[in-house]
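Structure first, then comments.
The values are calculated or read from the model by the stated rules, or taken from the named source; none is laboratory data. The structure presented is a predicted model; accordingly, all values stated were derived computationally and were not measured. Neighbour counts are summed over all protein chains in view; Cβ atoms, including those assigned to glycine, are modelled from backbone coordinates with ideal geometry. For the accessible areas, the whole protein counts, side chains as well, though only heavy atoms, and no ligand, DNA or RNA atoms are used. Shrake-Rupley method; radii C 1.70, N 1.55, O 1.52, S 1.80 Å.
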Amino acid sequence: MEKLKKIKEELATLLSKERYIHSLGVMEMAEQLAKIYGIDTDIAALVGITHDIAKEMPNEEKLKYIKENNIEIDEIEKHSIGLLHAKIGADIVKKKYDFTQNMQNAIKYHTTAYPDMDLLAKIVFASDKIEKNRKYDEVEKFRELAKQDIDTCMLEMLNYVIKRNIDKGVLIHPDSIYARNKLLLKI
Ligand SMILES: [Fe+2]
Ligand SMILES: [Fe+2]
């Protein structure tokens, strides 16, 4: 796919080596899961490779970008600048690569999750946490679960992330709680 090739080349120069390798891992994982769940693998690859496009923007620049592009941020995001790379990334891919709304949303929700995520967004959220370069105790369990049942996987991942944030004493974005509640009520 010509578009993917061009974007990969751009990201290779834009991101640090480590971040680019992670992005390639997310791309591969998202393609694999897209195949399993019957959605467009090219779309999943494009979103996977670009999901962290704004991750390495310095904080000052992030705040400037938010202002200049009229992106609304909430109280939690004001205090957790790191979260902003998701919203900024979604805006960049819209303007730079003409990504569709659901592709933008998958990038927008990849850190906090969101109650109304479609399959693409769930796949990108999960792929970010289980791509082949990720190493933590639960990763194998999540990798298996992602291939079997994406909703249960999302629920388990949110439980894990929320618990960890409590242990660390850091803020929890309400969208993560809403997303978890929705999954709990559905499963
Ligand atoms: Fe990210
Ligand atoms: Fe990521």
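Here are a few things to note about the model shown:
- Residue selection: Y97 satisfies the criterion of being in contact (Cβ under 8 Å) with a residue 40 or more places away in the chain, over 15 Å from the mean Cα position of the chain (by Cα) and surrounded by 14 or more Cβ atoms within 10 Å (Cβ to Cβ).
- Per this entry, I107 is not counted among residues that are more than 26 Å from E156 (Cβ to Cβ) and either open to solvent by less than 40 Å² (accessible area, probe 1.4 Å) or of a type in the set (S, T, N, Q) (or both).
- Filter result (within 16 Å of ligand 1 (Cβ to nearest atom), open to solvent by less than 50 Å² (accessible area, probe 1.4 Å) and touching a helix residue (DSSP H, G or I) at 6+ places or on another chain (Cβ under 9 Å)) within region 7-35: L11, L15, Y20, H22, S23, L24, G25, V26, M27, M29, A30
- Number of the condition not met by V139 [criteria: (1) closer than 27 Å to L4 by Cα; (2) away from ligand 1 (no atom under 15 Å from the Cβ); (3) β-branched (V, I, T)]: (1)
- Test set (1) in a helix (DSSP H, G or I); (2) within 16 Å of ligand 2 (Cβ to nearest atom); (3) farther than 19 Å from H173 by Cα; (4) not charged (D, E, K, R) - I36 fails condition number: (2)
- Residues that are open to solvent by 50 Å² or more (accessible area, probe 1.4 Å) and on the phi < 0 side of the Ramachandran plot within region 47-73 comprise K55, E56, P58, N59, E60, E61, L63, K64, K67, E68, E72, listed in sequence order.
- Residue check for L4: of a type outside the set (D, E, K, R) and open to solvent by 50 Å² or more (accessible area, probe 1.4 Å): no
- Residue in region 74-94 that is open to solvent by less than 30 Å² (accessible area, probe 1.4 Å), assigned to a loop (DSSP other than H, G, I, E, B) and among the hydrophobic types (A, V, I, L, M, F, W, C) present: no
- Against the conditions (1) in contact with a Lys or Arg (Cβ under 7 Å, 6 or more places away or on another chain); (2) under 16 Å from Y97 (Cα atoms); (3) away from ligand 1 (no atom under 13 Å from the Cβ), I71 satisfies every one except (2).
- Check on G38, more than 14 Å from ligand 1 (Cβ to nearest atom), out of contact with any helix residue (DSSP H, G or I) (no Cβ under 6 Å at 6 or more places or on another chain) and either open to solvent by 10 Å² or more (accessible area, probe 1.4 Å) or among the β-branched types (V, I, T) (or both): yes
- Contacts under 6 angstrom Cβ, first residue in region 116-134 being under 8 Å from V26 (Cα atoms), partner open to solvent by less than 60 Å² (accessible area, probe 1.4 Å) and not in a helix (DSSP H, G or I), 6 or more apart: V124/H51; V124/H110; D128/H110
- D116 vs. criteria assigned to a helix (DSSP H, G or I), charged (D, E, K, R) and more than 25 Å from E18 (Cα to Cα): no
- Any hit, region 46-53, residues being in a helix (DSSP H, G or I), among the charged types (D, E, K, R) and within 16 Å of ligand 1 (Cβ to nearest atom): no
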